[in-house]
Amino acid sequence: MTNQTDPRVLILAPGDNVAIAKSDIPAGTALQVMGLRVVLKEKVLTGHKFAFKRVAKGEKVVKYGAPIGVATQDIVPGDPMHLHNIASDYIPTYTLDEGHQFIQEH
């Protein structure tokens, strides 16, 4: 794997599994990230993150060389990454239950 990366994407550490959009990037866009071809599943806004490697449920999510959370489900390259599929290591993560009450995830 080479470190060839599209200029619209920010990767700061070789162990990252998260890429950061430096500009808005439309859904369906194919990018090179660390030498890997990634097709975005959804539009990614400036500053938002997406997976460029597979991240298994329970695996650490690494951004800028530091773990930032744990995958709450399997994540595939091109998936957006946010609180819907990551439990933060720094702030409580909440979701709505079926009765529309917030519950804290661990």
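Here are some notes:
- Members of the stretch 2-29 found to be of a type in the set (Gly, Ala, Ser), assigned to a loop (DSSP other than H, G, I, E, B) and closer than 15 Å to residue 54 by Cβ, listed by number: 15
- Every condition in (1) surrounded by 13 or more Cβ atoms within 10 Å (Cβ to Cβ); (2) among the hydrophobic types (A, V, I, L, M, F, W, C); (3) touching a residue at least 24 places away in the same chain (Cβ under 8 Å) is met by residue 70 except one, and the failing one is (3).
- Among (1) modelled with pLDDT of 95 or more; (2) over 20 Å from residue 83 (Cβ atoms); (3) not aromatic (Phe, Trp, Tyr) - the single one residue 43 does not satisfy: (2)
- If the condition is being exposed (fewer than 11 other Cβ atoms within 10 Å of the Cβ), at pLDDT 95 or above and of a type in the set (A, V, I, L, M, F, W, C), then the stretch 1-32 contributes only 30.
- For the stretch 30-39, the criterion of being at negative phi and assigned to a loop (DSSP other than H, G, I, E, B) is satisfied by no residue at all.
- Per-region count, the stretch 47-82, residues of a type outside the set (Asp, Glu), out of contact with any Leu (no Cβ under 8 Å at 6 or more places or on another chain) and in a loop (DSSP other than H, G, I, E, B): 10
The values are calculated or read from the model by the stated rules, or taken from the named source; none is laboratory data. Computed from a predicted model, the values in this text were never measured in an experiment. In this analysis, Cβ positions are derived from the backbone assuming ideal geometry, glycine residues included, and neighbour counts consider all displayed protein chains.
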